[in-house]
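The values are calculated or read from the model by the stated rules, or taken from the named source; none is laboratory data. Not measured: the values here are computed from a predicted model. Every residue, glycine as well, gets a Cβ built from its backbone with ideal geometry; the counts of neighbours run over all protein chains shown. These accessible areas exclude ligands, DNA and RNA; they are computed on the full protein's heavy atoms, side chains included. Shrake-Rupley method; radii C 1.70, N 1.55, O 1.52, S 1.80 Å.
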Amino acid sequence: MGDILMITSGKGGVGKSTISVGLGLALARRGKSCLLLDLDSGLRSLDLLTGIAEQVVYDLSDVLEARCEPIKAIYPASQSPRLHVICAPSDPRYSCSMDAFKRFLSGLRQHYDMVLIDTPAGLGDGVLAAADMADRALLVATPDPVSARSAGKTAEVLSERCKGGLRLIINRVADRPVFYPPEIRDLDDVIDAVGAQLIGVLPEDRSMAAAMSGGGVIDGKTPAETVLQKIAARLCGETLPLWIA
């Protein structure tokens, strides 16, 4: 039985999809079979980040509406044979049966070591359904008051639904970060505002973002990728100190 891990955020634009792909690749490098599931209907991005955009014929809606067998909507990422992708529906108006979605997630456990769900921002029905099924959740925030406050509100709701609890990733921390006193004076203020245990701090890493934007290969050696490798190790049960690049 595989684990279901959701990667979510209170607001958009915090780098959640890039983290989902980077973490999936880090887990694949550790020998785990991983599936990335994009839930952001109409705004999907995992197909671009994994280099499969030109191959996609079927998406999640086709599976849930029984227009195709699940295997036809699963595509291998260009960067690793151990990492597969199911794309979000291209129609932003698509709404599925939450019961059907949960049954589908249960079935995916049988075939992968790890299912990573890249959710849309906020607390829509799909996010709540994913939280009900997830073993663990990673909440992504950036070090600014809007992101921290929205992540805190999201944490309050999801902590009651996600059985394995929440962990916080602070993303896009610059070499000389700009904070927002009195709300956000340092990273500790972000952690306090969100109210979730920290699992990693990712620096601003334009080289990783540039490589991923076209589905390119990343080698795991940039600062942000190093942190993702450490997070992957902790998710696999290794005891490591908190790593801040």
Problem set entry | Residue ranges of helices (runs of 4 or more DSSP H) in segment 1-96 with at least 1 members farther than 30 Å from Gly165 by Cβ, in contact with a Pro (Cβ under 7 Å, 6 or more places away or on another chain) and of a type in the set (S, T, N, Q) | 60-64
Problem set entry | Tally, over segment 112-127, of residues that are open to solvent by 40 Å² or more (accessible area, probe 1.4 Å) and either modelled with pLDDT under 95 or assigned to a helix (DSSP H, G or I) (or both) | 3
Exercise. Among the listed residues Ala73, Ala66, which satisfies the condition of being open to solvent by less than 10 Å² (accessible area, probe 1.4 Å) and either at positive phi or without any contact (Cβ under 8 Å) to a residue 60 or more places away in the chain (or both)?
Worked result: Ala73
Exercise. Does Ser80 satisfy the condition of being touching a helix residue (DSSP H, G or I) at 6+ places or on another chain (Cβ under 6 Å) and within 20 Å of Asn171 (Cα to Cα)?
Worked result: no
Exercise. Of all the residues that make up segment 97-108, how many are open to solvent by less than 30 Å² (accessible area, probe 1.4 Å) and either in contact with a Cys (Cβ under 8 Å, 6 or more places away or on another chain) or assigned to a loop (DSSP other than H, G, I, E, B) (or both)?
Worked result: 0
